[in-house]
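J.: Attaching a single structure in structure tokens format; questions to follow.
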Amino acid sequence: MRMRILNSEIIHKVGEEVELAGWVNTRRDHGKLIFIDLRDRSGISQLVFIPQNFSGDTFKIAESLRSEWVLQIKGRVKQRPKGMENKDMGEMGKYEIEVLEITAHNESKTPPFDIGTDGYEVNEEIRMKYRYLDLRRERLARNMKIRSEFIDRMRQFLFKKGFLEIETPLLTKSTPEGSRDFVVPSRLHPGKFFALPQSPQQYKQLLMVAGFERYFQIARCVRDEDLRADRGFEHTQIDIEMSFVEQKDVMQLDEEMITSVVEDMGYAVKQKPFPILTYKKAMEKHGADKFDMRNEKDKKDGALAFAWVVDFPFFEKDKKGSWTFTHNPFSMPKFEHIEWLRKSTHIDEILTTQYDLVCNGVEVGGGSIRAHTSEILRAVFSVMGYADKVIEEQFGHMLEAFGYGAPPHGGIAHGVERLLMTLLGEEYLREVQAFPQTSSGRTSVMDAPSELSKEQLKELHIKIENR
Ligand code: ASP
């Protein structure tokens, strides 16, 4: 049995024989001696190849090694000679491995870019085409690790609070989340389409009707939006819904989750409890509902300045002059405005129970208490000018479900990538996703969107015009 250990473990194995595996990070040939920095998922260790340790031609393997080749070695862990320590490598810089046996598992072509840098200087299309190499960089490997740790901690927090993690469908019906849907044609139902979820909004509410009371999901959301630095076609949400709660209950639990997770990960929160601003106040004070409350020192220290924004108008006029929702059509208006909604009066003054979470100038989450009776939900859609028939067609399933004892409920969702971007000081979504889209809307590595074969199109009952 192979007893491979990680580079990071060698510090406990001085004097022992160990087996390591990984990639050639760098190679220095000093004529007699060859030094290889071996990289694995835990970090880097220095390998030393001394000709005397190899019989026959085997030292030739060491001579032939190049960057990014894949190796497995056996060797002895040694303290580096006095004065030869590498301070940049910290504790690891005090040790090296004298290699005794070597297997080269695979060669590597010369990578199309330097993976020893932070990568910001490399053309985006090339980075995404060779994303698997791009991800070998220390910065991205670290971002992925922190992403995994962050999600794990969120999960653990929610499990401790009695939440169930429940998955909801990817093939679903169009949900109005304020964006365009990605659609999937149905083979079994010619001319009909599924929509990929913009969020699990309706399903999570149905789970409340089902009696689960505390749901969460690390949910993939898909929106056909114009791409920007902090927007991609796909993003992940920490999606939460709770029954028998009021606005303050959701905000409190959420704040406890965010604070404890980021603090446990070593980040500083500028102000606790998070300040709460009304939308009006935020607009007066900052001229926007997303704002950055950090001073220069906070910025230098990497502090996180969270704030809640509440009391948003429920409705606004769209481009055509009709009323539309500002955040979420499934929200409950503020208690004192329910009558206005019922009677369709004072529409511009109706405030919603929506709460948005802002951090360092970025909107990192939002949610609301929901309408849990069909009457209120119907009233929202009629303000927006939906005919009864349309309401039935599009939301009949929700109205029906609310007729079977829907509990009062509310929730929130956080954009995982945006939260990570604020933690890591990254400006682009692609720096915290493993395989993001390019800014021209194509997938990384695999060349999609791509054409379908004639047979596939026929099966889906689809004809392409002007091909
Ligand atoms: N579904 C909402 C969104 O994606 C979040 C929520 O209200 O829970 O923005």
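Quick note: the coordinates plus some simple rules give every number you see, no bench work behind them. Bear in mind that the values here come from a model prediction, so they are computed numbers and not experimental data. Every residue, glycine as well, gets a Cβ built from its backbone with ideal geometry; the counts of neighbours run over all protein chains shown.
J.: What 222 nm value per residue comes from the helices of the chain, counting each DSSP H run with n ≥ 4 as -39,500 (n - 2.57) and dividing by all residues, nearest 500 deg cm²/dmol?
T.: Value at 222 nm, helices only: -8000 deg cm²/dmol.
J.: Can you tell which of SER108, MET84, ASN123 lies farthest toward the positive end of the dipole of the range 68-153, using +1 and -1 charges on the Cβ of basic and acidic side chains (Lys, Arg; Asp, Glu)?
T.: Positive-most Cα among the choices belongs to MET84.
J.: Return one number: the angle in degrees, 0 to 90 and rounded to the nearest 10, between the long axis of the Cα atoms of helix 374-383 and the longest principal axis of the Cα atoms of the chain.
T.: So the inclination is approximately 90 degrees.
J.: Cβ under 10 Å from ARG39's Cβ, ARG39 left aside: what net charge do those residues give with Lys, Arg +1 and Asp, Glu -1?
T.: Residues near ARG39 contribute -2 overall.
J.: Nearest 10 degrees is fine. How inclined is helix 138-160 to the longest principal axis of the chain, computing both from alpha carbons?
T.: The helix 138-160 is inclined about 50 degrees to the chain.
J.: Roughly how big is the range 107-263's charge dipole about its Cα centre, with Cβ charges of +1 (Lys, Arg) and -1 (Asp, Glu), in debye to the nearest 20?
T.: It works out to roughly 540 debye.
J.: In addition: List the residues whose amide H sits under 5 Å from the amide H of ILE34, counting only those 5 or more places along or on another chain, with H placed 1.01 Å from N in the peptide plane.
T.: So ILE34 has HN proximity to PHE49.
J.: Moving to a separate point now. The range 51-97 to the range 228-294: how many Å between their Cα centroids?
T.: Computed from Cα coordinates, the inter-centre distance equals 48 Å.
J.: Along the Cα-to-C-beta direction of ASP224, a point sits 7 Å from the Cα; which residues of the range 433-464 have their amide N less than 16 Å from that point?
T.: Of the residues in the range 433-464, 441-443, 449-452, 462-464 have backbone N under 16 Å from the label point off ASP224.
J.: Let me ask you something else. Calculated FRET efficiency, LYS454 and PHE244, Cβ-Cβ r, R0 60 Å, to nearest 0.05?
T.: Computed FRET efficiency for LYS454 and PHE244 comes out at 0.65.
J.: Same structure again: Among GLN237, TYR215, GLY56, whose Cα sits farthest toward the positive end of the charge dipole of the chain (+1 at Cβ of Lys/Arg, -1 at Cβ of Asp/Glu, about the Cα centre)?
T.: GLY56
J.: Which entries in the list LYS272/LYS300; LYS248/LYS272; LYS389/LYS463 go over 23 Å, if you measure between the two C-alpha atoms of each?
T.: LYS389/LYS463
J.: Rounded, prolate or oblate: which fits the range 1-113, taking a ≥ b ≥ c as square roots of the Cα gyration tensor eigenvalues, rounded meaning a/c under 1.5, else prolate when a/b beats b/c?
T.: Verdict is rounded for the range 1-113.
J.: Assigning unit charges at the beta carbon (Lys, Arg +1; Asp, Glu -1) and nothing else, what dipole magnitude in debye, to the nearest 20, does the chain show about its Cα centre?
T.: 720 debye
J.: Follow-up. In degrees, nearest 10, range 0 to 90: what is the angle between the Cα axis of helix 247-264 and the longest Cα principal axis of the chain?
T.: Once rounded, the angle reads 10 degrees.
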